Amino acid sequence: MRILAVLAIGILASRTALGVDNPIVSPFETDSAVVQATAVDSLVQTALQQHGIEPANVCSDEVFVRRVYLDVIGTLPSQPEILIFLTSPAPDRRAKLIEALLEREEFADYWALKWCDLLRVKAEFPINLWPNAVQAYHRWIRDSIRANKPYDEFARELLTSSGSNFRVPPVNFYRAVQGRTPQGLAAATALTFMGTRLEHWSEKDRADLSVFFSRVAYKKTDEWKEEIVVLDPTATEPLNAVFPGGTTVTIPATEDPRVVFADWLITPENPWFTKAAVNRVWSWLMGRGIIHEPDDIRPDNPPVNLELLSYLEKEFVESKYDLKQLFRVILNSRTYQQSPISRSTSPEAEALFAHYMVRRIDAEVVADALNWICGSGEEYQSLIPEPYTNIPEELRTIALADASITSPMLEVFGRSPRDTGLESERDNQPSDRLCLHMLNSTHIQRKIMTSSRIRQLVATSKGDSREAIRTVYLTVLSRYPTDAEIATVIDYAWDQGGKADQTALDLVWALVNSKEFLYRH
């Protein structure tokens, strides 16, 4: 019967989503003019018109509240938070919600997680930062995001710092590279701050960039696992180097080549730095880069909307590299707040941002969402016993510092191993293994069947079946069910003999296995 319930709900959702009879697809869209067009929207609209593509409708408030919580703080909204937003009469309630989320502690947790993927924050093989350094590095990254440190300062500290891996956390940027050769350090720098992969460069250009990192040295101390990152003290000759683009420079032996490189890279005029940053943030929020992939910028991979990319670069520089302001510019646009349902059959609609891109939720966010719905925790493990591996189950998964600490569910859902810093390391594609884990594993079944939160939700409905169904939908999908969905569940409950608790548990099981739960939309 469970399968029948899933199929029934799935069919209803599909029929609704097709929107055959109604151009506004309820409950996913709205025809209310709640979003004012911005400069971002004008640039996206111009590109769509040039290709004869119609943009999607604006998403409903129900879709928006779930989306913006997941995208900004990696967290499902609670029932009270949803109701406060949905009942707010303020015309600017979406902008106010964005502003409130940017100040939440979870914002720092979630975006530290994203940056830790790029910066390869991992204690064990093959990165081998070791646990103490991982904790210090993660804390520095999170504190930087919490304080909204300007991005140019953030990058400069990572590129130019020297000292102990425990006491000067950003030096771990040069430790979190396999091999630690000048070529490897150059490749990591290009990938992180220029959004480009050195394997696409000529051998000479790769060698030229490596020169700037040829005097990075490492020194052990008597403290366990401590390592000092220093400028090679044995160098006595000036260094001849060539910047990307061909400009030459002679660097005195007493000067740090990394500082010279950072001075060249971190300027408004640099063709790589700002472009890579805004393109990456756009990709994180919209699901696809203006240059796609966001870490594969090269001359033969041009932006799909050069004017849009240039506008974001200009805004970012004028805000003095304020990342939260860049978030505001994107999140408050109509383009971000579009429905996920395309109104165009053009194959270019998604690449030109004619609708919000549906994509699977990150592994850590799914794990936290299930734990929150079921009132449970996650059992973490590490193959190599080290300090700090005794992680309490109640710790949010998005707050985990170390990629070496994991769980079977995180592995099934494609968490990033943080071995290379490539965005593609995180596997958010569907798989048979993932589906089977959600449908048949004792892990998921035990979470649901032992959930005190779900039983409490049923109890608060005081025997009102429709209210119980509405509460479960609001908790799992952040929206109310349609009348057809309520009727389907009531029919199912009748078949089950009217057992409210069991019906609610089965309904939760069906909903967490739906695409609507597992995907951002």
Legend entry - the chain - percent relative contact order, Cα under 8 Å, separation 6 or more: 20 percent
Inset, instruction - Quote the relative contact order of segment 196-331 in percent (integer), defining contacts as alpha-carbon pairs under 8 Å separated by 6+ residues. - result: 17 percent
Legend entry - Förster radius 45 Å - calculated FRET efficiency between Ser441 and Ala39 (Cβ-Cβ, nearest 0.05): 0.45
Inset, instruction - Using only Cα atoms, tell me the angle between helix 306-318 and the longest principal axis of the chain; keep it within 0 to 90° and round to the nearest 10. - result: 70 degrees
Legend entry - segment 175-276: relative contact order as a whole-number percent, Cα under 8 Å and 6+ apart: 23 percent
Inset, instruction - Note the direction-averaged projected area, equal to a quarter of the hull surface, for the Cα convex hull of segment 169-229, in nm². - result: 4.4 nm²
Legend entry - Accessible area per residue in Å² at 1.4 Å probe, computed on segment 62-193: 31 Å²
Legend entry - For segment 356-443, the spread of Cα positions along each principal axis, largest first, Å: 40, 34, 24
Inset, instruction - Kindly report the accessible area of segment 252-363 per residue (heavy atoms of protein chains, probe 1.4 Å, no ligands, DNA or RNA), in Å². - result: 36 Å²
Legend entry - Calculated FRET value between Asn301 and Lys462, using beta carbons and R₀ = 56 Å, to 0.05: 0.45
Inset, instruction - For Ala147 and Val358, calculate 0.36 nm times their separation in residues minus their Cα-Cα distance, and state this gained length in nm to one decimal. - result: 72.9 nm
Legend entry - Thr247-Ser202 pseudo-label distance in nm [points 7 Å out on the Cα-to-Cβ vector]: 2.0 nm
Legend entry - Cut-off of 10 Å, at most 13 other beta carbons, DSSP loop: longest stretch of the chain lacking such trypsin sites (Lys or Arg not before Pro): 1-166
Legend entry - Principal semi-axes in Å for segment 212-369 [√(5λ), Cα gyration tensor, largest first]: 40, 22, 14
Legend entry - Residues of segment 389-521: accessible area per residue with a 1.4 Å probe, Å²: 46 Å²
Legend entry - Taking only Cα atoms of segment 18-129, radius of gyration then Dmax in Å: 18.5, 57
Legend entry - Relative frequency of Cα-Cα separations exceeding 20 Å in segment 78-147, percent: 47 percent
Legend entry - Length gained when the stretch Gln381-Lys219 is fully extended (0.36 nm per residue, less Cα-Cα span): 55.2 nm
Inset, instruction - Work out how much length Ser452 to Ile24 would gain on full extension: take 0.36 nm times their residue separation and subtract the Cα-Cα distance, in nm to one decimal. - result: 150.3 nm
Inset, instruction - State to the nearest 20 debye the size of the charge dipole of the chain about its Cα centre, where the only charges are +1 on K and R beta carbons and -1 on D and E beta carbons. - result: 600 debye
Legend entry - Label-point separation, Gln178 to Asn240 (7 Å along Cα→Cβ), nm: 3.4 nm
Legend entry - Inter-label distance for Glu348 and Asp495, nm, one decimal - labels placed 7 Å from Cα along Cα-to-Cβ: 4.7 nm
Legend entry - Nearest-0.05 FRET efficiency for Glu81 and Ser310, computed from C-beta distance (R0 30 Å): 0.25
Inset, instruction - Take segment 92-239, compute every pairwise Cα distance, and split them into 10 Å bins from 0; I just need the percent in each bin. - result: 10, 36, 32, 15, 5, 1, 0
Legend entry - Over segment 225-279: Rg over Rh, Cα atoms, Kirkwood Rh: 1.08
Legend entry - Across Lys122/Lys275; Lys462/Lys499; Lys114/Lys204; Lys275/Lys320; Lys114/Lys275, pairs whose alpha-carbon gap is larger than 23 Å: Lys122/Lys275; Lys114/Lys204
Inset, instruction - Run the accessible area of segment 57-109 with a 1.4 Å probe and give the carbon-and-sulfur part as a rounded percent. - result: 62 percent
Inset, instruction - As a check on your grasp of the helix formula, calculate [θ] at 222 nm for the chain: sum -39500 (n - 2.57) over DSSP H runs of n ≥ 4, divide by the residue count, round to the nearest 500. - result: -14500 deg cm²/dmol
Inset, instruction - Just the number, please: Stokes-Einstein D of the chain in µm²/s, Kirkwood Rh from C-alpha pairs, 10 °C, 1.306 mPa s. - result: 64 µm²/s
Inset, instruction - Grab the eigenvalues of the alpha-carbon gyration tensor for segment 447-521, scale each by 5, take roots, and send me the semi-axes largest first in whole angstrom. - result: 18, 14, 12
Legend entry - Between segment 379-449 and segment 132-179, the alpha-carbon center distance in angstrom: 24 Å
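The values are calculated or read from the model by the stated rules, or taken from the named source; none is laboratory data. Please read all numbers here as calculations on a predicted model, not as lab measurements. Methodologically, a virtual Cβ is constructed for each residue, glycine included, from the backbone with ideal geometry; neighbour enumeration extends over all protein chains shown. Only protein heavy atoms, including side chains, enter the accessible area calculation; ligands, DNA and RNA are left aside. Shrake-Rupley method; radii C 1.70, N 1.55, O 1.52, S 1.80 Å.
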